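Chemist: Dumping the structure here so I can ask a few things about it.
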Amino acid sequence: MLTLRELRGDFNTIFFDFWNTLVHGIHSGNPSHQVGDPLSWAEISLTNASEIGVHVDPDKLLGAMESVDRIYYPKVYDFKGRMKEFWDLYNVELLNRLGIDSSKGDLLNAVNFAFLDVKKWLSVFPETHFVLSELRRKGYELGIISNNTDEIIDRMRGLDLAEYFGTITYSQEAGSEKPDPATFKLALSRTGKLPSECLHIGDSFEQDVVGAVNSGIQPILLDRQSHPPKPGIPIIHNLSDVLNRTDD
């Protein structure tokens, strides 16, 4: 197996994607749904609401969420620093589409409260902390490049991940999502590194590999499902595999 230095150059900085690379969604408890299934998000959204007597058919809820997503997610870049306002508007629209009186403050608060404790709906992969700690011990600088909002900072703090990273760069502040190079370029400017000094690890070929290549950064694809290999793209199947590619 090639080491990082043998891949292409003298790497000293490693960027990571966030979602499905370092963390994953927690299963909602319904055995018919898998981790990362959008319906899990829908169920979590109204978990607390159900405790105050509001019950919604899951399929109807999922359909309503998909409709509201199409309205509000294109606007998310306009809400940097104002994500609470974004989610208030989103949830009012969601409840209205479900035929639920959104003027009841206790209900809206219950929906919003469901996501305040990040450990209730996000979980760190078992190897994540060890791998990040070892990479730091070996002298690598670490950064995040994620399609995300400014909420990622508090979420990383809540999962005890922020301490490993010198920079956290997300698409909302860059104004476009991976694979557009803007987020990668912003991350590079913050580190002061050349693209040839950096590596990017992520689980999406389209977002992470294509985005890194277009920015001059060496990618490694994290493929936990062992899909057919992509020609010319280094692949790992577990974050721990990256330690086998690093020099002590």
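Chemist: Mind ordering 191-201, 79-89 by average Cβ neighbours within 10 Å, highest first?
Modeler: My ranking of the peptides, most packed first, is 191-201, 79-89.
Chemist: Describe numerically, in nm with one decimal, the distance between label points set 7 Å from Cα along Cα→Cβ at Phe113 and at Leu89.
Modeler: It works out to 2.6 nm between the two label points.
Chemist: Could you give each residue of the stretch 223-234 its phi-based ³J(HN,Hα) in whole Hz, using Karplus coefficients 6.51, -1.76, 1.60 with θ = phi - 60°, and x for Gly or Pro?
Modeler: Result, rounded to whole Hz: 10, 6, 9, 6, 6, x, x, 8, x, x, 10, x.
Chemist: Another one. Would you mind calculating the gained length between Leu194 and Tyr77 on full extension (0.36 nm times residue separation, minus the Cα-Cα distance), in nm to one decimal?
Modeler: On the way: separation 117, 0.36 × 117 = 42.12 nm, distance 2.74 nm.
Length gained, Leu194 through Tyr77: 39.4 nm.
Chemist: So how far apart, in nm, are the two label points at His227 and Val124 if each is 7 Å from Cα heading toward Cβ?
Modeler: So the two model labels end up 2.7 nm from each other.
Chemist: Sum up the charges of everything whose Cβ sits under 10 Å from the Cβ of Ser240, counting Lys and Arg as +1 and Asp and Glu as -1, but leave Ser240 out.
Modeler: On the way: positive: none; negative: Glu127, Glu134, Asp241.
Spelling it out: positives minus negatives among the neighbours equals -3.
Chemist: Can I ask one more? How much length would be gained if the chain were fully extended between Asn12 and Asp150, taking 0.36 nm per residue of separation minus their Cα-Cα distance, in nm to one decimal?
Modeler: 47.1 nm
Chemist: Read phi for every residue in the stretch 171-184 and hand back ³J(HN,Hα) as whole Hz from Karplus 6.51 cos²θ - 1.76 cosθ + 1.60, θ = phi - 60°, with x for Gly and Pro.
Modeler: So the J values, rounded to whole Hz, are 5, 4, 7, 7, x, 7, 9, 4, x, 4, x, 4, 5, 5.
Chemist: Separate question: Which lysines does Lys60 reach when only Cα atoms under 25 Å apart count, and residues fewer than 8 places away in its own chain are ignored?
Modeler: Lys75, Lys84, Lys104, Lys120
Chemist: Using amide H atoms built 1.01 Å from N in the peptide plane, name the residues 5+ places from Ile144, or on other chains, whose amide H lies under 5 Å from its own.
Modeler: Here the answer is Phe16, Thr167, Ile168, Thr169, since their amide H atoms fall under 5 Å of that of Ile144.
Chemist: Something else about it: Between Asp57 and Ser103, what is 0.36 nm times their sequence separation minus the Cα-Cα distance? Round to one decimal in nm.
Modeler: Length difference between fully extended and current span is 14.5 nm.
Chemist: Ile220's amide H: which non-local residues (gap 5+, or another chain) put their own amide H closer than 5 Å, with H modeled 1.01 Å from N in plane and none for Pro or chain starts?
Modeler: Placed amide hydrogens put His200, Ile201, Gly202 under 5 Å from Ile220.
Chemist: Still on this structure, please answer the following. With each pseudo-label sitting 7 Å past Cα toward Cβ, what's the Arg137-Glu173 distance in nm, one decimal?
Modeler: Between Arg137 and Glu173, the simple spin-label model gives 3.0 nm.
Computed from the coordinates by the stated procedures, all read-outs in this text should not be read as laboratory data. Model, not experiment: these values are computed from the prediction. Note that we place each Cβ from the backbone using ideal geometry, even for glycine, and neighbour counts take in every protein chain shown.
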